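Report on one structure; see the data block that follows.
The values are calculated or read from the model by the stated rules, or taken from the named source; none is laboratory data. Values in this document were obtained by computation on a predicted structure and should not be read as measured data. A quick note on method: Cβ atoms are made from the backbone with ideal geometry, for glycine too, and the neighbour counts reach across all protein chains shown. SASA here: full protein model, heavy atoms, side chains in, ligands and nucleic acids out. Shrake-Rupley method; radii C 1.70, N 1.55, O 1.52, S 1.80 Å.
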Amino acid sequence: MTEGTYRQALQQALREELTRDERVFLMGEEIGVFGGSYKITDGLVHEFGEKRVRDTPISEEGFVGAGIGAAMGGLRPVVEVMTINFILIAMDQIINNAAKIRYMLGGSVGVPMVIRSPGGAGVGLTAQHSQSLEVWFAGTPGLIVVAPSTPADAKGLLKASIRNDDPVLFYEHLMLYNEKGHVPEGDYVVPIGKADVKHPGSDLTIVTHSYMTQRCLRVAGQLEREHGISAEIIDLRSLRPLDFETIATSVKKTNHVLCVEEGWVSYGVGAEIAARIGDECFDWLDAPVKRIGGAEVPMPYSKPLENAAMPSAERILEAAIKARRGTR
Amino acid sequence: MVEQSARTTEQPLPLPRSDLLHLLERMLLIRRFEEKTMEMLALNRIRGYCHWNIGEEASVVGSVAAMGQGDRLVTSYRDHGFAIARGTPAGAVMAELFGKEGGCAGGRGGSMHMVDVPRGFFGGYGIVGGHLPLATGLALAADYLGEDRAVVCAFGDGATNIGAFHESLNLSKLWNLPVVWLLTNNQYGMGTSVRRASAESELYKRACAYNMHAEQVDGMDVLSVYEATHRLLLRARKQHEPALLETLTYRYPGHSYADPGRSYRTKEEIDRWKQRDPIRLFQHYLEEYTSLEQSEFDAIEKHVDQIIEEAVSFAEESPFPSPDSLFQHLYAEESKS
Ligand SMILES: Cc1ncc(C[n+]2csc(CCOP(=O)(O)OP(=O)(O)O)c2C)c(N)n1
Ligand SMILES: [Mg+2]
């Protein structure tokens, strides 16, 4: 298969890694018999058995923590948390244990595990089921955070994450699961910590990640056609470690920057990027760095309110024009 | 400390006939309301999730009917029926599902977050087990303020495996708080059966670990649920004793709209539970012990259909919230203006 969905790409990576390494096993709610809430693991329990594809009760703190312990004990767990919203229950395990164990214990033991979880909004799931919390993890030393936006990156980054010796928060997105694209065959690995220029441009750098990359790519065409603005789209892919070099190279060329994320702007990914650009690329800027993200409210249910809260294509377009012109 | 209660039909009528008919009407209303939401989902009037109470009407109506006026309720996301049982107009629930201004949460919450604070319903919550600590706190507030009220906290079998369940039971017993933990055991949490998720699958027994009184009742029998809840609430209010009440029931449809509900359970199992349909069971009881006539039943059904029709019209006519109100209710100041 060379064409496929993000969902299929993830499943391919899981299957290949389960086959490659006996120590790799999957754990999470509804991933076996039910086939996965979003069908990422569909069928894997039949191929690999219940020892390797393990259904858990609704006990996020318990099984995420057990994943950490299993990793310390010599396994390579890939734990699925049904959506990023439910990961908050396991936050203590991730922040106080997974992120700190190697350092705190003087390097004596590591936590080679992957936590896969999707976030995202836009389909009326309301405040407690529509969050983008990847930035919370990206701000924590000791964790690795990746957020692929294409099927190819999903496959390559998941394989890299499973092979990595440190805890990885592998951030997926509900709106990306059906995204189609090229899925490289065989042992395709995308290195962690490398951003990707998804669309070259010369007038404006748009720094983004996850599903917003796809949205920005659609906006880029319109920017070019209707406003004569050539936007360069940088997909961060890894939030931690951050590939600032790719950003800096682009800023040097375009001298204008817009940061786009789905989550709240305050203290967000864009805030970090803007600060780094201010610090390291100040002389190349022709206009202030602009940021755009979700409205700072718990996501409302009602469609007109949800629409108003989302960084829609129209709002990104508008922000891109302002970023280029240097207007407020 | 742990006992199983079962209703025998030889007992005298536990409630006046008119109240019994009201229970029947509420159960039918919930059934028809939920069926209507399925239609409205297909028409894209409703978005997001929809977790139905179909099959669980006796558990919902029996427990809520036993609540006193001052008692309080918190539930999981499977909450449409609880709002209706508590007296929230069906129109306000339907309008919430439509995302309209006239919804019980002004269209902000949707299916999972029904609310009716004037009627003591402090909300439906979307994170499994996340509302149990809130029930502890609501009971703490009542206790602290010397108020004569108790709290009913409804949650599913799956929620008993989350830490918050255990912490909440322990706190409520340790502090002698007036709360009834209503464990609606519909046999599955999504696609996972109780047996596959819980090392002790007799869930009410978990109360033992917290030295708490627990009962298990037939959740398809509205009067069993009513009687047990009524007694346990009285005890909670008078003696400040929390209790765990497990109702054994079944959800007929899938977990939510995206789940046909068939891959993890057999048709035989579903049919077996449907043979003890809570509405038909109660209808038969009323026929036998209160001489309910078919014509009376038909009249109730007609009334229910009319309520549903009016609920849909109300929801259709209610306006969408204005995008300008996006930041309203974020903090107290905003909500005052
Ligand atoms: C902490 C958490 N984990 C996972 C989910 C996803 N989820 C929603 S409902 C549900 C099943 C809950 O089952 P149960 O408690 O039995 O309630 P029921 O849906 O049967 O009423 C799951 C796993 C969630 N909402 N919250
Ligand atoms: Mg259940």
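Of note:
- Residues along segment B:45-63 losing 10 Å² or more of accessible surface when the other protein chains are present rather than the chain by itself (probe 1.4 Å): B:47, B:48, B:49
- Per-residue mean of C-beta atoms belonging to partner chains within 10 Å, peptide A:21-31: 1
- Cut-off under 5 Å, modelled amide H: who pairs with residue A:119 long-range: A:84, A:172, A:173, A:174
- Per-pair calculated FRET efficiency, R0 = 60 Å: residue A:3 and residue B:280 via Cβ, rounded to 0.05: 0.70
- Solvent exposure of segment A:196-325 as accessible area per residue, Å², 1.4 Å probe: 40
- The mean sequence distance of close C-alpha pairs (under 8 Å, at least 6 residues apart), as a share of the length of chain B, puts its relative contact order at 24 percent.
- Interface burial for A against B (accessible surface, 1.4 Å probe, total of both chains, Å², rounded to 100): 2900
- Residues B:52, A:264, B:273, sorted by accessible area with the largest first, give A:264, B:273, B:52 [1.4 Å probe; ligands and nucleic acids excluded].
- Within segment A:47-70, the residues that become at least 40 Å² less accessible when every protein chain is included than when their own chain is isolated (1.4 Å probe; DNA, RNA and ligands ignored) are A:57, A:58.
- Protein-only accessible surface order, largest first, of B:104, B:208 at 1.4 Å: B:208, B:104
- Of all lysines in the structure, those lying under 18 Å Cα to Cα from residue A:155, and not within fewer than 8 positions of it along the same chain, are A:39, A:180, A:194, A:198.
- Principal-axis analysis of the Cα atoms of chain A puts helix A:244-254 at an angle of about 20° to the longest axis.
- Over chain A, Cα pairs under 8 Å with separation of 6+ residues give a relative contact order of 16 percent.
- Residue A:199 accessible area, 1.4 Å probe, all protein chains in place, Å² to nearest 10: 50
- Extension gain, residue B:43 back to residue B:238 (0.36 nm per residue minus Cα-Cα distance, nm): 65.3 nm
- One chain, two ends: residue A:108 and residue A:50. Fully extended at 0.36 nm per residue, the span grows by 17.8 nm beyond their Cα-Cα distance.
- For segment B:165-254, relative contact order (Cα pairs under 8 Å, six or more residues apart, normalised by length) works out to 45 percent.
- Average other protein chain Cβ within 10 Å of Cβ, residues B:102-114: 4
- Descending by average beta-carbon neighbour count within 10 Å, the peptides B:33-42, B:244-253 line up as B:244-253, B:33-42, the highest first.
- Surface listing: B:190, B:94, A:175 arranged by accessible area from highest to lowest gives A:175, B:190, B:94, probe 1.4 Å.
- Potential lengthening between residue B:271 and residue B:201 on full extension [0.36 nm per residue; Cα-Cα distance subtracted]: 23.0 nm
- Shown for segment B:183-337: the carbon plus sulfur share of the solvent-accessible area, taken with all protein chains present and a 1.4 angstrom probe, equals 51%.
- Of all complete DSSP H helices in chain B, not one has a Cα span along the helix axis of 30 Å or greater and a mean Kyte-Doolittle hydropathy of 0.5 or more.
- For the listed peptides B:159-166, A:91-98, a ranking on the average number of other beta carbons within 10 Å per residue, highest first, reads B:159-166, A:91-98.
- Here chain A exposes an accessible surface that is 51 percent carbon and sulfur, computed with a 1.4 Å probe and the other protein chains kept in place.
- Global form of chain B, assessed from the alpha-carbon gyration tensor, a/c cut-off 1.5: rounded
- Rounded, prolate or oblate (a/c below 1.5 giving rounded, otherwise prolate when a/b exceeds b/c) for segment A:2-183 by Cα gyration tensor: rounded
- The accessible area of residue A:55, taken with all protein chains in place and a 1.4 Å probe, comes to roughly 40 Å².
- Expressed to the nearest 5 percent, the antiparallel share of DSSP beta bridges inside chain A is 20 percent.
- Burial of 30 Å² or greater, segment B:144-190 residues [accessible area, probe 1.4 Å, versus chain by itself]: B:161, B:162, B:190
- Averaging Cα coordinates gives a centre for segment A:115-129 and one for segment B:229-266; these two points are 26 Å apart.
- Averaging 1/r over each pair of different alpha-carbon atoms in segment A:196-325 and inverting the result gives 14.5 Å, the Kirkwood hydrodynamic radius.
- Rolling a 1.4 Å probe over the protein heavy atoms of segment B:128-173, with every protein chain left in place, gives an accessible area that is 58 percent carbon and sulfur.
- 0 to 90° range, to nearest 10: angle between helix A:211-227 axis and chain A longest Cα axis: 20
- Solvent-accessible surface of chain B, averaged per residue with a 1.4 angstrom probe and all protein chains in place: 41 square angstrom.
- The accessible area of residue A:282, taken with all protein chains in place and a 1.4 Å probe, comes to roughly 140 Å².
- The HN-Hα couplings worked out from phi for segment A:265-279 by the Karplus form 6.51 cos²θ - 1.76 cosθ + 1.60 (θ = phi - 60°) are 6, 4, 6, x, 4, x, 4, 5, 5, 4, 5, 5, 5, x, 6 Hz, whole numbers, x standing for Gly and Pro.
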